[in-house]
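The values are calculated or read from the model by the stated rules, or taken from the named source; none is laboratory data. Computed from a prediction, not measured in an experiment: that's the story for all the values here. Using ideal geometry, Cβ is built from the backbone for each residue, glycine included, and neighbour counts are taken over all protein chains shown. Ligands, DNA and RNA are stripped out before the accessible areas are found, and what is left, the full protein with its side chains, is counted by its heavy atoms. Shrake-Rupley method; radii C 1.70, N 1.55, O 1.52, S 1.80 Å.
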Amino acid sequence: MATATKEHNGSVPIDTTTKIPAEAHPLAEKPAEIASNINYHAKFSPHFSPFKFEPEQAYYATAESVRDRLIQQWNETYNHFHKVDPKQTYYLSMEYLQGRALTNAIGNLDIQHAYADALNKLGHDLENITEQEKDAALGNGGLGRLASCFLDSMATLNLPAWGYGLRYRYGLFKQKITKDGQEETAENWLEKFSPWEVVRHDVIYPVRFFGRVEVNPTGSRKWVEGEVIQALAYDVPIPGYKTKNTISLRLWEAKAVAEDFNLFEFNDGQYESAAQLHSKAQQICAVLYPGDATEEGKLLRLKQQFFLCSASLQDIIFRFKERRDGKGSWQWSEFPSKVAVQLNDTHPTLAIPELMRLLMDDEGLGWDEAWDVTTRTIAYTNHTVLPEALEKWSLAVMRKLLPRHIEIIEEIDKRFVAMVHSTQPDLESKLPSLCILDTSNPQKSVVRMANLCVVTAHTVNGVAQLHSDILKAELFVDYVSIWPTKFQNKTNGITPRRWLRYCNPELSSIITKWLKTDEWVTNLDLLTKLRQFADNEDLQAEWASAKMANKKRLADYILQVTGLSIDPNSLFDIQVKRIHEYKRQLLNILGAIYRYKKLKEMNPDERAKTTPRTIMIGGKAFATYTNAKRIVKLVNDVGAVVNTDPEVNNYLKVVFVPNYNVSVAEVLIPGSELSQHISTAGMEASGTSNMKFALNGCLIIGTLDGANVEIREEIGKENFFLFGAEADEVPKLRKDRENGLFKPDPRFEEAKQFIRSGAFGTYDYNPLLDSLEGNSGYGRGDYFLVGHDFPSYMDAQAKVDEAYKDQKRWLKMSILSTAGSGKFSSDRTIAQYAKEIWNIEECIVP
């Protein structure tokens, strides 16, 4: 195999590629032909100056070579769906957290070895080439990553399904850590281009904002005038695992057309106003979740949500009609038997009035027929019980931006209220909280998006058993009495391809060897067969060596991004997720502070008996969320002191991992031994990182919240470090606190006092610590029960230290954690959605 010597800057001499013919082999499977196809793209799909074939150029050429195959499979899938005309699901989500695509694509296409060989022939190493790819910045947290796992499972299960989202140029933000804490800069994933997307210049729809409603003499209504932005489609192909089926994530880009550019104004020197609509169009897909403290920010967020809904529904209706073309007569009542629309949280709620508008104003249906079609088409997934996350939009803002949609929402609300009056008179007193419009304060009237979803959708689901139970018993309790069969549970899942097979090849090989099959990759329940080997010393030895390899890789990564050396022989303890007070990173760091203080008070012999631990915390704090940003700063300030303290730093290190994303998770999760899922019970709908850690043999310290409840049931109570109040105790504990009945644990007071003493620098942490003080009042009274749960948290951590000393026992628990994770495959979740909500069936490309 002709491999070239790499020059000092990582470039490959041009003569390496000249030995390989630059010939197109779009469907190549043999390494030599793949190498030729990569070389063909380097020369004939050029994006860089010639005579360069450094890792970056090699990555783009490799991605385009893989894309050839994906486009072929995508075309075959599209044509097959068109011909068979099955019922199809369209998944609407404001976020997709895709991660890198190269490893996943060649893995699912089952050509990773051939690509590794081909790149060797070209003087490159596959691992180094995959590192060149930037994560697609289309999401933020669990909501977006769930959507991406779902797409992988839809394709793998050969289901007729598509995703719709927005093509954010700058993402949420890139996180930098400085002495002042977190700084945000724009993501640069599209600075050059993404080789995975295919722009569809023929798929473009007009999306209107503002304007007015015109009433025709016949009584029909039409939304006119205002500003019109074009939605242009970009397709990202999503290949299933070892199947031809390749579905689409269709992302919308906002643009204005040439005729919207005012040449007269431009030549008159009025440059800004000449390109005003172009500038407004660019704002729509610039940033995920733009700050909404201002009126402009709220308007932009609402524009984004409507832009996604309108473009997607116009596309869905176009495809529905396209598939009826030339097939005789059809009725709009057939639409729900061919189309299922799933709303991922409340962000795409405007799909409801927009579908009604398209059916009535554009297609000429009457209200009753349009309502029947809409309610049989749309289903809604609720992801939160947090009041601030249940979206409420100002009626005035919405009336200004979407005048026709407000008319439709008001009519839906009016008819809902009338229905309750006539069929559920006992609920009349509850109407103020059940109806869609909240006009109790005329100056601040709002549209309650979750209520609109529940009233309209044929099915509403929660995302873990506990969460769905809370929805039925508390949040949506009165709706349940109106529609008892509308509510379901669909416990979330994760794709075993990305989250075990590809991110942890060492452990995957061991699992395949002991199960004597790799079928677990698509049938995760087979992992239960590992239970019989949990005490086997050979398996434990192999398991331990895989974990150590992953820990060393993680230690190398930490050194690279933070400059800090961490000891792979210490217990690796990780909490990575969005920084939020309910997720309680503050509890974690207060525990670390108490641990540090106790270590300082010990003599060297006592310290030597403790369990050395490296605590890693990562995640982004929303740019305007002050307390979350204070928590990030505190973690960094504690780390700066602990990690440079020679008495203690062999026994404890505290690391903040910057710019957490999917690719960082793929290094952290396989190397983790303990992970913290410690939200206040009843507040985390599900969580999915808990599933990823458990699947990779990492033990969990956690509360009975979200999917933790089910993970603990599946892997065994004795393999889970439990602490904290339970969900049904929380309201009473808050009431007790208000009544002054809370008695803080002295250890908790000691940890807070240590921060106030200035031990971690001069920054004023009083505003953060004040949230834990007092019994009531805005931003006070320890709403998230950090103080209440602190003692049981510290006791659980002591059990962790003890368990880790017995490595044989720890390894057995780790094996049983992986063995019990079968339920948490997104394949299982999506199969349940397909059968119980969408009523769709597999449609295999021959």
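A few notes on this one:
- Hits in the stretch 312-338 (condition: surrounded by fewer than 12 Cβ atoms within 10 Å (Cβ to Cβ) and not in a helix (DSSP H, G or I)): Asp325, Gly326, Lys327, Gly328, Ser329, Gln331
Per-residue answers, yes or no, for (1) closer than 30 Å to Lys298 by Cα; (2) touching a helix residue (DSSP H, G or I) at 6+ places or on another chain (Cβ under 9 Å):
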| residue | (1), (2) |
| --- | --- |
| Ala534 | no, yes |
| Ala544 | no, yes |
| Lys552 | no, no |
| Phe572 | no, yes |
| Val576 | yes, yes |
| Tyr596 | no, yes |
| Lys629 | yes, no |
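- Residues of the stretch 806-846 that are touching a Pro at 6+ places or on another chain (Cβ under 7 Å) and either small (Gly, Ala, Ser) or part of a helix (DSSP H, G or I) (or both): Ser825 alone.
For (1) at pLDDT below 95; (2) in contact with a helix residue (DSSP H, G or I) (Cβ under 6 Å, 6 or more places away or on another chain), each residue gets a yes or a no:
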| position | (1), (2) |
| --- | --- |
| Lys6 | yes, no |
| Gly10 | yes, yes |
| Ala22 | yes, yes |
| His25 | no, yes |
| Lys30 | no, no |
| Thr62 | no, yes |
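- Residues in the stretch 362-395 that are out of contact with any Leu (no Cβ under 8 Å at 6 or more places or on another chain), farther than 23 Å from Thr89 by Cα and crowded, with 19+ Cβ neighbours inside 10 Å: Glu391 alone.
- Look at the stretch 757-777: where a residue is under 23 Å from Asp789 (Cα atoms) and a partner is part of a loop (DSSP other than H, G, I, E, B), sitting 6+ places away or on another chain with Cβ atoms under 6 Å, you get Ser771/Gly779; Leu772/Asp782; Gly774/Arg780; Gly774/Gly781; Asn775/Gly740; Asn775/Gly781.
- Considering the stretch 424-438, the residues that are free of Cβ contacts under 8 Å to residues at least 24 places away in the same chain and farther than 18 Å from Leu350 by Cα include one that is most open to solvent (accessible area, probe 1.4 Å), namely Asp426.
- Residue in the stretch 257-265 that is under 20 Å from Arg200 (Cβ atoms) and surrounded by fewer than 21 Cβ atoms within 10 Å (Cβ to Cβ) present: yes
- Against the test of being touching a Leu at 6+ places or on another chain (Cβ under 6 Å), touching a residue at least 40 places away in the same chain (Cβ under 8 Å) and more than 30 Å from Asp152 (Cα to Cα), the options Lys805, Lys752, Lys799 yield a single qualifying residue, Lys752.
- When the stretch 101-134 is filtered for residues that are charged (D, E, K, R), closer than 20 Å to Trp499 by Cα and surrounded by fewer than 22 Cβ atoms within 10 Å (Cβ to Cβ), the ones remaining, listed by number, are Asp110, Glu127, Glu131, Lys134.
- Residue, surrounded by the fewest Cβ atoms within 10 Å (Cβ to Cβ), within the stretch 560-577, restricted to residues that are within 20 Å of Thr178 (Cβ to Cβ) and out of contact with any strand residue (DSSP E or B) (no Cβ under 9 Å at 6 or more places or on another chain): Gly563
- The residues on offer are Ala42, Ala32, and the sole one that is part of a helix (DSSP H, G or I), among the small types (Gly, Ala, Ser) and in contact with a Leu (Cβ under 9 Å, 6 or more places away or on another chain) is Ala42.
- Selection count where residues are in contact (Cβ under 8 Å) with a residue 12 or more places away in the chain, out of contact with any strand residue (DSSP E or B) (no Cβ under 7 Å at 6 or more places or on another chain) and part of a strand (DSSP E or B), scope the stretch 178-237: 2
- Hits in the stretch 597-629 (condition: in a helix (DSSP H, G or I) and closer than 30 Å to Glu184 by Cα): Thr626, Asn627, Ala628, Lys629
- Filtered by the rule that a residue be open to solvent by 50 Å² or more (accessible area, probe 1.4 Å), within 29 Å of the chain's Cα centre (by Cα) and β-branched (Val, Ile, Thr), the stretch 621-660 gives Thr624, Thr626.
- Look at (1) touching a strand residue (DSSP E or B) at 6+ places or on another chain (Cβ under 6 Å); (2) within 15 Å of Gly706 (Cβ to Cβ); (3) open to solvent by 20 Å² or more (accessible area, probe 1.4 Å) and you find that Lys472 fails only one, number (2).
- Qualifying residue in the stretch 81-95 (condition: assigned to a helix (DSSP H, G or I), surrounded by 15 or more Cβ atoms within 10 Å (Cβ to Cβ) and among the hydroxyl-bearing types (Ser, Thr, Tyr)): no
- Residue match in the stretch 796-804 (condition: surrounded by fewer than 14 Cβ atoms within 10 Å (Cβ to Cβ), out of contact with any Lys or Arg (no Cβ under 9 Å at 6 or more places or on another chain) and not in a helix (DSSP H, G or I)): no
Matching residues to (1) without any contact (Cβ under 8 Å) to a residue 60 or more places away in the chain; (2) more than 20 Å from Tyr793 (Cβ to Cβ); (3) of a type in the set (S, T, N, Q):
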| residue | (1), (2), (3) |
| --- | --- |
| Thr624 | no, yes, yes |
| Val635 | yes, no, no |
| Val642 | yes, no, no |
| Pro646 | yes, yes, no |
| Tyr660 | no, yes, no |
| Gly671 | no, yes, no |
| Ser686 | no, yes, yes |
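- For Pro160: the one exception among (1) under 28 Å from Gln283 (Cα atoms); (2) surrounded by 17 or more Cβ atoms within 10 Å (Cβ to Cβ); (3) touching a strand residue (DSSP E or B) at 6+ places or on another chain (Cβ under 9 Å): (1)
- Subset of the stretch 253-299 (residues that are assigned to a loop (DSSP other than H, G, I, E, B) and charged (D, E, K, R)): Asp268, Asp292
- Of the residues making up the stretch 751-776, those that are open to solvent by 50 Å² or more (accessible area, probe 1.4 Å) and over 21 Å from Lys179 (Cα atoms) are Gln753, Asp770, Asn775, Ser776.
- Flag for Gly165 being touching a strand residue (DSSP E or B) at 6+ places or on another chain (Cβ under 9 Å), under 29 Å from Thr624 (Cβ atoms), outside the structural domain of Val662 (by the TED database) and in a strand (DSSP E or B): yes
- Here Asn245 meets each of (1) more than 30 Å from Arg497 (Cβ to Cβ); (2) polar (S, T, N, Q); (3) open to solvent by less than 30 Å² (accessible area, probe 1.4 Å) with one exception, condition (1).
- Candidate set: the stretch 439-469, residues that are without any contact (Cβ under 8 Å) to a residue 60 or more places away in the chain and either of a type in the set (Val, Ile, Thr) or within 18 Å of Leu402 (Cα to Cα) (or both); chosen: the one most open to solvent (accessible area, probe 1.4 Å): Lys444
- Any hit, the stretch 713-732, residues being open to solvent by 50 Å² or more (accessible area, probe 1.4 Å) and either over 33 Å from the mean Cα position of the chain (by Cα) or at positive phi (or both): no
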